[in-house]
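Every number here is computed from the coordinates shown, using simple stated rules; none is lab data. Computed from a predicted structure; not experimentally measured. Because the Cβ atoms are built from the backbone with ideal geometry, glycine has one as well, and the counts that use them run over all protein chains shown.
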Amino acid sequence: MDSRLAPYEEKMQKSLDNLTEDYATIRAGRANPHILDKIQVDYYGTPTSLQQVANINVPEPRMIQIQPWEASLVKDIEKAILTSDLGLNPTNDGKVIRLVFPELTEERRKELAKDIKKKGENAKVAIRNIRRDANDGFKKLNKASEISEDELKELENSTQKITDKYIAKIDDAVESKTKEILTV
């Protein structure tokens, strides 16, 4: 592979990785500890990720259990979960916080499927923008006579192939996450 393509492929991979991370935070009715990845807790005045201040485990398919390392954090963790967009109501016994996942309604599943599709489309737009940036960069090199017309065509074709590869990967991710959400 041409080394001039590498930075663009790297950016496309990052876009795909971001989408995958985003999808990990979408809940499918089953307990998935990754939905807590973006939650920050005020820990002695510093916003800290939940994983750094508590033990998180899944004792049952529909429940996440959060055990803070310091009992004083229970209230802060509860508040962080309530103010997040997870739509879950935490319960606690003073030491452990439990998140129970209700069964998703058909309507909610369809809403989530739309959201998944939209995020997929946004990722595709990002990939296409990277392709455009790559092609613009190669055209500039051609104008400056640093590469020939043939090299320009070859680079543009290679960029298109990489773009197609990542668009297909995004389509696969969208399809598998949608299937996961819509499966009852």
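My understanding is that a pair violates if its Cα-Cα distance is over 32 Å; which of K153/K179; K11/K153; K143/K165; K75/K169; K38/K139; K114/K153 do that in this structure?
Violating the 32 Å Cα-Cα cut-off are K153/K179; K75/K169; K38/K139; K114/K153.
Taking the Cβ-Cβ separation of W69 and A168 as r and a Förster radius of 35 Å, what is the calculated FRET efficiency to the nearest 0.05?
In this case the efficiency is close to 0.20.
Compute the acute angle (0 to 90°) between the alpha-carbon long axis of helix 6-24 and the principal axis of greatest extent of the alpha-carbon atoms of the chain; round to the nearest 10°.
Once rounded, the angle reads 20 degrees.
I'd like the distance between the alpha-carbon centres of the stretch 101-169 and the stretch 21-79, rounded to an integer number of Å.
The stretch 101-169 and the stretch 21-79 have Cα centres spaced 33 Å from each other.
As an exercise, use a Förster radius of 41 Å and the Cβ-Cβ distance of S49 and D2 to find the FRET efficiency, rounded to the nearest 0.05.
Numbers: r = 39 Å, r/R0 = 0.94.
The value I calculate is 0.60.
Could you tell me which of rounded, prolate or oblate describes the stretch 15-107, using a ≥ b ≥ c as the square roots of the eigenvalues of the alpha-carbon gyration tensor, with rounded for a/c under 1.5 and, failing that, prolate when a/b is larger than b/c and oblate otherwise?
In terms of gyration-tensor shape, oblate.
Do the sum for the chain: with -39,500 (n - 2.57) for every DSSP H run of n ≥ 4, divided by all residues, what is the mean residue ellipticity at 222 nm, to the nearest 500 deg cm²/dmol? Intermediate values should be presented prior to the final figure.
Numbers: 4 runs with 101 residues, N = 184.
About -19500 deg cm²/dmol.
Roughly how tilted is helix 74-83, in degrees to the nearest 10 and between 0 and 90, from the longest Cα axis of the chain?
50 degrees
What shape does the stretch 67-147 have by the C-alpha gyration tensor, where a ≥ b ≥ c are the square roots of the eigenvalues, rounded means a/c under 1.5, and otherwise prolate means a/b greater than b/c and oblate the rest?
oblate
By how many nm would the segment from L182 to A24 lengthen if fully extended, with 0.36 nm per residue of separation less the alpha-carbon distance?
Here the segment from L182 to A24 would lengthen by 55.3 nm.
Tell me, what is the percent relative contact order of the chain, built from C-alpha pairs under 8 Å that lie six or more residues apart?
For the chain, the relative contact order is 24 percent.
Can you pull out the chymotrypsin sites (Phe, Trp or Tyr not before Pro) in the stretch 31-73 that DSSP calls coil and that have at most 11 other Cβ atoms within 10 Å?
Here the chymotrypsin sites (Phe, Trp or Tyr not before Pro) that fit, given the DSSP loop and packing criteria, are Y44, W69.
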